[in-house]
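S.K.: Attaching a single structure in structure tokens format; questions to follow.
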Amino acid sequence: MALSGDNNDRGELRIHENLDELRTDLADYIAELSEAAVKERGVFAIALSGGSLIGLMGKLCEAPYNKTVDWAKWYIFWADERVVAKNHSDSNYKLAKDGLLSKVPIVPSHVHSINDSVSAEEAADEYMFVIRQLVKTRMVGVSDISDCPKFDLILLGMGPDGHIASLFPNHSVLDETDEWVTFITDSPKPPPERITFTLPVINSASNVAMVVTGESKAEAVHSAIDNIGPDCPSLPARLVQPSKGKLIWFLDKPAASKLDGFQFSE
Ligand SMILES: O=C1O[C@H](COP(=O)(O)O)[C@@H](O)[C@H](O)[C@H]1O
């Protein structure tokens, strides 16, 4: 690892020499959290995102993780989903299924994706209902400071604009505090219709990992972590502040290149 350390309230920073190193560190981290959750609660409730994240999780499909992880105990959710058919190339479910879920022995009934045959609003409501049932049976934990679900791990990517899940800069959904899952029909990044976890749910998780790579995201990483720039207070990535959970940033060197105080030797 090129660098690792804590940055005040912005969590732990893990800056990797290259993508291969990041992929190994991320697989180790997820495998360790899975083992700890299964030991403590008997299950592991994990929420995925779409985009580059799934490719970066690829090592989990390989030895030793494919054999050592207790896949049967995993309950899978999505922190955000595009409201398209499950076989559409924009679907975050399809991305995860093709890149991960079809390659490891996950129990199909533990995979909780959205209903893709209803409106975005209905899909968000139904998804929240599903999560509510799983909170009741404690397959998903519950926050002890709010009634929010407490996922064992929420994995987030970040766009160059600082968006996380489908929470975009300056969008009114950033202020949503009543619902666990909400919807948008005007995403600035296509496709327009999406459902997304709200900030209270993200910030109630036991662990949140921000997995961000590439130079195009360096400015937003700088704003989110160093608290720089006029838009900073409302930058979605900056608003990821788990109340009791642990936040870790998995970065490669290009994504970390604009951070204050980090200098890399060639
Ligand atoms: O649209 C989305 O974008 C973000 C970031 O994607 P990336 O390819 O730049 O990593 C992703 O985290 C989110 O799940 C997705 O719906």
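S.K.: For the chain, state the average projected area of the convex hull of the C-alpha atoms over all orientations, rounded to one decimal in nm². Intermediate values should be presented prior to the final figure.
M.R.: Details: hull surface 52.8 nm².
Reported value for the Cα convex hull: 13.2 nm².
S.K.: Continuing with the same structure: Quantify, in whole percent, the carbon and sulfur part of the accessible surface of the chain (1.4 Å probe; protein heavy atoms only). Present the calculation step by step, with values, prior to reporting the outcome.
M.R.: Details: 5560 of 11330 Å².
Answer for the chain is 49 percent, counting heavy atoms of protein chains only.
S.K.: Would you mind telling me which residue in Asp226, Asp25, Asp144 has the biggest mean-square fluctuation in a Gaussian network model of the chain, where springs connect alpha carbons within a distance under 10 angstrom?
M.R.: The residue with the greatest mean-square fluctuation here is Asp144.
S.K.: In Å², and per residue, what accessible area does the stretch 28-75 have when probed at 1.4 Å with the other protein chains present? Can you show the working numbers first?
M.R.: Values: 1980 Å² over 48 residues.
Normalised by residue count, the accessible surface of the stretch 28-75 is 41 Å².
S.K.: How big is the stretch 59-161 in terms of Cα radius of gyration and Dmax, in angstroms?
M.R.: 14.7, 41
S.K.: Please identify, among Glu40, Glu21, Glu193, the residue showing maximal mean-square fluctuation in a Gaussian network model of the chain using a 10 angstrom Cα cutoff.
M.R.: Glu40
S.K.: Can I ask one more? Of His112, His88, His222, which has the largest mean-square fluctuation in a 10 Å C-alpha GNM of the chain?
M.R.: His88
S.K.: Which of the residue pairs Lys67/Lys244; Lys67/Lys97; Lys86/Lys189; Lys94/Lys246 have a Cα-Cα distance greater than 24 Å in the structure shown? Write out the running numbers ahead of the final one.
M.R.: Details: Lys67/Lys244 31 Å; Lys67/Lys97 18 Å; Lys86/Lys189 19 Å; Lys94/Lys246 28 Å.
Pairs exceeding the cut-off: Lys67/Lys244; Lys94/Lys246.
S.K.: A follow-up question, please. What 222 nm value per residue comes from the helices of the chain, counting each DSSP H run with n ≥ 4 as -39,500 (n - 2.57) and dividing by all residues, nearest 500 deg cm²/dmol? Present the calculation step by step, with values, prior to reporting the outcome.
M.R.: On the way: 8 runs with 73 residues, N = 266.
Counting only the DSSP helices, I get -8000 deg cm²/dmol.
S.K.: For the stretch 99-250, with every protein chain kept in place, what is the accessible area per residue (1.4 Å probe, Å²)? Could the numbers behind the result be given before it?
M.R.: Values: 6130 Å² over 152 residues.
Spelled out: the 1.4 Å probe surface of the stretch 99-250, per residue, equals 40 Å².
S.K.: Could you give the nm distance between label points at Glu215 and Ser89, where each point is 7 Å from its Cα heading toward the beta carbon?
M.R.: Those two pseudo-labels are separated by 2.6 nm.
S.K.: I need to check one value: relative contact order of the chain, counting alpha carbon pairs closer than 8 Å and at least 6 residues apart, in percent.
M.R.: Numbers: 539 pairs, mean separation 55.9, N = 266.
Computed value for the chain: 21 percent relative contact order.
The values are calculated or read from the model by the stated rules, or taken from the named source; none is laboratory data. Everything numeric here is computed off the predicted structure, so don't read it as measured data. Virtual Cβ from ideal backbone geometry, glycine too; neighbours counted across all protein chains shown. These accessible areas exclude ligands, DNA and RNA; they are computed on the full protein's heavy atoms, side chains included. Shrake-Rupley method; radii C 1.70, N 1.55, O 1.52, S 1.80 Å.
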